[in-house]
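Contents: one structure, followed by commentary.
The values are calculated or read from the model by the stated rules, or taken from the named source; none is laboratory data. From a predicted model like this one, the values you see are computed outputs, not experimental measurements. When we count neighbours, we look across all protein chains shown, and the Cβ atoms used for this are built from the backbone with ideal geometry, even at glycine. For accessibility, only protein heavy atoms count, side chains too; no ligands or nucleic acids. Shrake-Rupley method; radii C 1.70, N 1.55, O 1.52, S 1.80 Å.
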Amino acid sequence: MSSDPIQLYGLGREGLAEALAPLDLPAFRIRQVFAALYRRDCLDPAHWTDWPLALRQEIARRFVIARPRIAETRSAPDGTIKALVDLPGGGQVEAVAIPAERHVTFCISSQVGCAFGCTFCMTARLGFRRHLEAGEIVGQVAALRALTAASRETYNIVYMGMGEPLHNLQNVLESLKILSDELGPDLPPRRVTVSTVGLPPGIRALARLPRPPRLAVSLVTADEERRRELMPVARKYALEELAEAVREYGRGRRDRPTLEAVLLEGVNDRPQDARAMVALARAARAKVNLIEFNPTPELPFRPAPEERIEAFLRTLAQGGVVGTVRRSRGREVDGACGQLAFRRRAPGTP
């Protein structure tokens, strides 16, 4: 009985060498396959015209080469595009393309759903369904590049879509290696950010990559007790342990890690919350990014008023901490931070 054909898309150089070993190919052929898949986005061996015809036919017979495909898109007035993505392994995720003046940012998913239950996030309400394979992560980038016609020099990537990247650690690490490979997309670390709810073991594993990406930690609040109420993961990893992992990650790097805080009215936007954030950011040697909460009827929170956001920023500055605000993008199509949950609103509804 023959086994299922091996999926090549999502394998790095070592994985390709192992999968293609029965064909006894020279090393340069492995490099050609890698470049075809991830730099040229050429998935059909019939188009690898620098290969002998018989070898192309053998590759097509023995292996599967499939990447995610965009099934549906919705565009917001600000140009943000939310894409519903069909996965080769079954199921769907959502990904987002966020345009700016000189570049576009691709917000990609690492899991279908999420297991971490953050109370302010719609994706958490889906629960955990499955991990994405490395090729299903990298393939979202390829699909969004094709959708937006972005060149290799004009896009950034953030692992901030559905799921917790460091819960799917091995597949995320493999996807990062592929995306940073000089024969593939060759993305420099400054153009890739991984956002996590705060898993210290995963943060340390991320730091061991040859080209580690930027790190963002969804801290939400530096109040230990309040954070445990908002984010169940905080019951396992205390703020002190998390701050130490963040500090270690930033050691020797030019760009400091980021602590992210979705500001919720009356919950984590008070003066004492800002002062606590200053203390933790200084201990972690990190900067702070304040995020506008995107309200939805299903969640019991409201966004912090603008005056609270400005006061929070002033407190950060007075404490010597770099602070920025991430304004909402794509809210009208449920494509903003915390909104990815497969919802389809009727036209004209808030």
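Could you report the chain's accessible area per residue, 1.4 Å probe, as an integer in Å²?
Dividing the accessible area of the chain by its residue count gives 46 Å².
Taking the longest Cα principal axis of the chain as reference, the axis of helix 239-250 is set at about 50 degrees.
For a straight C-alpha distance cut-off of 16 angstrom, the aspartates and glutamates reachable from K82 (same-chain residues fewer than eight places away being disregarded) are E72, E94, E332, D334. Computed on the chain, with alpha-carbon pairs under 8 angstrom and 6+ residues apart, the relative contact order is 15 percent.
For K177, the aspartates and glutamates whose Cα falls under 13 Å of its own Cα, not counting residues fewer than eight places away in the same chain, are E14, D186. Straight-line cross-link reach from K287 at under 16 Å between alpha-carbon atoms covers no lysines, not counting any fewer than eight positions away in the same chain. The dipole here belongs to region 1-125: it is taken about the Cα centre, uses +1 on the Cβ of Lys and Arg and -1 on the Cβ of Asp and Glu, and is about 100 debye.
Counting only alpha carbon atoms, the long axis of helix 169-180 and the longest principal axis of the chain meet at about 70°.
Ordering T196, V322, P26 by Cα displacement along the dipole of the chain toward the positive end leaves V322 in first place; charges were set at the Cβ atoms of Lys, Arg (+1) and Asp, Glu (-1). For region 145-183, applying the loop criterion from DSSP together with a ceiling of 10 other beta carbons within 10 Å to the GluC sites (Glu not before Pro) yields E153, E182.
Each of the peptides 113-120, 200-207, 131-138, 42-49 was scored by the mean count of other Cβ atoms within 10 Å over its residues; in descending order, highest first, they stand as 131-138, 113-120, 200-207, 42-49. Based on C-alpha pairs under 8 angstrom that are at least 6 apart in sequence, region 82-184 has a relative contact order of 30 percent.
Would you tally the net charge around G319, using a Cβ to Cβ cut-off of less than 14 Å, leaving G319 out, and scoring K and R as +1, D and E as -1? Before the final figure, lay out each step's value.
Details: positive: R275, R282, R285, K287, R314; negative: D273.
Neighbourhood net charge equals +4.
Summing Cβ point charges (Lys, Arg +1; Asp, Glu -1) relative to the Cα centre of the chain gives a dipole of roughly 480 debye.
Could you state the angle between the C-alpha long axis of helix 27-38 and the longest principal axis of the C-alpha atoms of the chain, as a value from 0 to 90 degrees rounded to the nearest 10? The two axes meet at around 50 degrees.
For the chain, the calculated P(r) over all alpha carbon pairs, in 10 Å bins from 0 to the bin holding the longest distance, is 5, 24, 32, 23, 10, 4, 1 percent. Taking other residues whose beta carbon is less than 13 angstrom from the beta carbon of H103, and scoring Lys, Arg as +1 and Asp, Glu as -1, yields +3. Other residues within the sphere of radius under 11 Å centred on the Cβ of A146, judged by their own Cβ, net out at +2 (K and R +1, D and E -1). Here the accessible area of the chain is 50 percent carbon and sulfur, with a 1.4 angstrom probe and all protein chains present. Here, region 50-145 has an Rg and a Dmax of 16.7, 56 Å when only alpha carbons are counted.
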